[in-house]
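Enquirer: Following this message is one structure expressed as C-alpha cells.
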Amino acid sequence: MFAFAAPRRRRRPSLTPMIDVVFLLLVFFMLAARFGQDAGIELGLAGGGGAWSGPPRLVELTPDESRLNGVAVDMPGLVAGLGRLTDSPADPIVIRPAPGTDLQRLADVLAALRAAGFSALALVE
C-alpha cells in the first residue's frame, strides 16, 4: 500500500503585509492630496456684453513679444497703452495668443492686466 504523509494543519495567511500596503496607500494619498484653493483667472463668456465702443484694443501674444494693435510693446508699455485707449477699466480688451505661445506667458499677461485694474478681458483664438 501507499504510505501518505500525515496531513498537516493548514497555515493561515498573515495579514501583516496587506495592512502594511493599506497604510502605505493611505500615507501616499494623504501626501498627494491638494488641500486649499488653487489660484485662478476669471474670464467672462464671449458674446455676453454690449456693443463695442471706443478704439480697438487687441493684444496679440507671440512666444517672443506682445503687440498692442499690431505694435510691439513690453509689459509696462502694454499697460500704459491700454490705459490711453480705454475710458474706464471696464472697457473690453481682446487678447489673442498666437499658436505656440506658452500658457504661462498668457497667464502672466492676464494677471498683469488684472493687477492694472482691467476687468473686461476677452480671450479669442
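Enquirer: Would you check if there is a residue in region 57-68 being without any contact (Cβ under 8 Å) to a residue 40 or more places away in the chain and either small (G, A, S) or touching a Cys at 6+ places or on another chain (Cβ under 8 Å) (or both)?
Expert: Within region 57-68, the subset without any contact (Cβ under 8 Å) to a residue 40 or more places away in the chain is 57-58, 60, 62, 64-65, 67-68.
Then drop every residue that is not either small (G, A, S) or touching a Cys at 6+ places or on another chain (Cβ under 8 Å) (or both), which leaves none.
No, region 57-68 contains no residue that is without any contact (Cβ under 8 Å) to a residue 40 or more places away in the chain and either small (G, A, S) or touching a Cys at 6+ places or on another chain (Cβ under 8 Å) (or both).
Enquirer: Quick check on region 28-38. Is at least one of its residues of a type outside the set (G, A, S), surrounded by 10 or more Cβ atoms within 10 Å (Cβ to Cβ) and at pLDDT 80 or above?
Expert: Keep residues of region 28-38 that are of a type outside the set (G, A, S), which gives 28-31, 34-35, 37-38.
Going one step further and asking which of them are surrounded by 10 or more Cβ atoms within 10 Å (Cβ to Cβ), we end up with 28.
When the remaining residues are screened for being at pLDDT 80 or above, the result is 28.
Within region 28-38, one or more residues are of a type outside the set (G, A, S), surrounded by 10 or more Cβ atoms within 10 Å (Cβ to Cβ) and at pLDDT 80 or above.
Enquirer: OK, next. Looking only at residues in region 86-118 that are more than 18 Å from the chain's Cα centre (by Cα) and surrounded by 14 or more Cβ atoms within 10 Å (Cβ to Cβ), which one is farthest from P55 (Cα to Cα)?
Expert: Applying the filter and picking the extreme gives A116.
Enquirer: Could I ask something else about it? All but one of (1) modelled with pLDDT of 85 or more; (2) part of a loop (DSSP other than H, G, I, E, B); (3) touching a Pro at 6+ places or on another chain (Cβ under 8 Å) hold for S119; which doesn't?
Expert: Only one criterion in (1) modelled with pLDDT of 85 or more; (2) part of a loop (DSSP other than H, G, I, E, B); (3) touching a Pro at 6+ places or on another chain (Cβ under 8 Å) is unmet by S119, namely (1).
Enquirer: I've got another one for you. Of the conditions (1) in contact with a strand residue (DSSP E or B) (Cβ under 6 Å, 6 or more places away or on another chain); (2) loosely packed, with under 15 Cβ neighbours inside 10 Å, P55 satisfies every one except a single condition; which number is it?
Expert: (1)
Enquirer: While we're looking at this one, here's another question. Condition test on L24, is it at pLDDT 75 or above and either aromatic (F, W, Y) or out of contact with any Lys or Arg (no Cβ under 6 Å at 6 or more places or on another chain) (or both)?
Expert: Working: at pLDDT 75 or above: yes; either aromatic (F, W, Y) or out of contact with any Lys or Arg (no Cβ under 6 Å at 6 or more places or on another chain) (or both): yes.
So L24 fits the description; yes.
Enquirer: Just one of (1) at pLDDT 80 or above; (2) in a loop (DSSP other than H, G, I, E, B); (3) under 21 Å from R114 (Cα atoms) trips up S14, so point out which.
Expert: (3)
The values are calculated or read from the model by the stated rules, or taken from the named source; none is laboratory data. Everything quoted here is computed from the prediction, not taken from an experiment. Counting neighbours? That spans all protein chains shown, and the Cβs are built from the backbone with ideal geometry, glycine included.
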